[in-house]
Amino acid sequence: MADWTKIDETVKRWIQEAGANIRASFAGSLSIQAKSNPNDLVTNVDEETERFFIERIRTEFPGHRILGEEGQGDDIKSLDGVIWIIDPIDGTMNFVHQQRNFALSIGIYENGIGQLGYIYDVVHDELYHAQKGLGAWMNDTPLKKLDPVPVEKAVIGISATWLVDNRHFDQNKLVQLAKDVRGTRSYGSAALELAYVASGRLSAYITMRNAPWDFAGGKMIVEEAGGIVSTLSGGEINMLTVNPVFASAPGLHDDILKKYLN
Ligand code: IPD
Ligand code: CA
Ligand code: CA
């Protein structure tokens, strides 16, 4: 059986080291490339950070497999065994344009069950993390269990992309939700938005399209903080595919599903 507490100590050490490398990169020049479209960016720092973890995991935990956004890990087709799901920089557009509002995200799953989750806000040195059954923390401070939030007091994370005509969802349902909540915010990093749900800075986060590396760390942390993460119809998230993601404080999750998303 894996010693999750020991693995947790190792991951935290690596995250600090990788974070220092990312901060140091601000002083140099970036090599920026487009992937699937001109706004889907990747930099040398995304690739180097992913490689940093892959090299260490291969040496320290040779039996573990790796699903990394930049494709340098394994070809993962099943959730068997221990899988590290890594987004080396979530919010690359922010990293390139703002040098803030991005995060390093890691979820470690065993046979599809989240065991450890990390979201590191590199610029603010805020590490959100969770261990299955033990709770969630921001740095050394335990996150309070999330309380139910009524719709009219909710501040939700949602991108304007989903409030205009789009091919994924009837935006009118979300427009009504946006009118009824206290406020909406969009940070441009799914991982950070999930960390904010876990820590109560946001009451919910809604998106139509997130890949496993966007939500693997955050799902674990939100759930350990007492929140709920599902698809937009309330179903289970598939850890191997792109999903619509709805993460929320308890109570609010049910209210939004029933009143807005059905
Ligand atoms: C993206 C960010 C963004 C979300 C996209 C993701 P990346 O990740 O999380 O907020 O809306 O769906 O792809 O490409 O910056 O790692
Ligand atoms: Ca991402
Ligand atoms: Ca990324």
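Within region 149-165, the residues that satisfy the criterion of being in contact with a Leu (Cβ under 9 Å, 6 or more places away or on another chain) and surrounded by 14 or more Cβ atoms within 10 Å (Cβ to Cβ) are 149, 151, 154, 155, 156, 157, 158, 162, 163. Tallying residues that are within 16 Å of residue 68 (Cβ to Cβ) and surrounded by 15 or more Cβ atoms within 10 Å (Cβ to Cβ) within region 1-40 yields 5.
Every listed requirement among (1) under 25 Å from residue 127 (Cα atoms); (2) buried (at least 24 other Cβ atoms within 10 Å of the Cβ) is met by residue 256 save one, (1). Is it fair to say residue 31 is in the same structural domain as residue 124 (by TED's automatic domain parsing), without any contact (Cβ under 8 Å) to a residue 24 or more places away in the chain and within 15 Å of ligand 2 (Cβ to nearest atom)? No; evaluated as a whole, the condition is false for this residue.
For region 17-63, residues that are among the hydroxyl-bearing types (Ser, Thr, Tyr) and touching a helix residue (DSSP H, G or I) at 6+ places or on another chain (Cβ under 9 Å) total 4. Taking the criterion of being away from ligand 1 (no atom under 13 Å from the Cβ) and either touching a Leu at 6+ places or on another chain (Cβ under 6 Å) or of a type in the set (Phe, Trp, Tyr) (or both), the residues of region 205-229 that qualify are 222, 225, 226, 227.
Residue count for region 172-213 under the criterion of being open to solvent by 40 Å² or more (accessible area, probe 1.4 Å) and either within 16 Å of ligand 2 (Cβ to nearest atom) or in a helix (DSSP H, G or I) (or both): the result is 11. Among the residues of region 85-139, those identified as among the hydrophobic types (A, V, I, L, M, F, W, C), out of contact with any helix residue (DSSP H, G or I) (no Cβ under 6 Å at 6 or more places or on another chain) and more than 15 Å from ligand 2 (Cβ to nearest atom) are 108, 113, 123, 127, 134, 137, 138.
Taking region 69-92 as the range and being touching a residue at least 40 places away in the same chain (Cβ under 8 Å) and either of a type in the set (D, E, K, R) or within 18 Å of residue 17 (Cα to Cα) (or both) as the test, the residues that pass are 69, 77, 86, 87, 88, 89, 90.
Residue count for region 161-198, restricted to those that are under 30 Å from residue 71 (Cα atoms) and modelled with pLDDT of 95 or more: 13. What are the residues in region 214-234 that are surrounded by 24 or more Cβ atoms within 10 Å (Cβ to Cβ) and part of a loop (DSSP other than H, G, I, E, B), if any? Once the filter is applied, which keeps residues that are surrounded by 24 or more Cβ atoms within 10 Å (Cβ to Cβ) and part of a loop (DSSP other than H, G, I, E, B), region 214-234 yields 225, 227.
Residue 244 meets all of the listed conditions (1) part of a helix (DSSP H, G or I); (2) surrounded by fewer than 22 Cβ atoms within 10 Å (Cβ to Cβ) but one, namely (1).
The values are calculated or read from the model by the stated rules, or taken from the named source; none is laboratory data. Being a predicted model, the structure only gives us computed values, none of them experimental. Neighbour counts run over all protein chains shown; Cβ positions are idealised from the backbone, glycine included. In case anyone asks, the SASA skips ligands and DNA or RNA and just uses the protein heavy atoms, side chains included. Shrake-Rupley method; radii C 1.70, N 1.55, O 1.52, S 1.80 Å.
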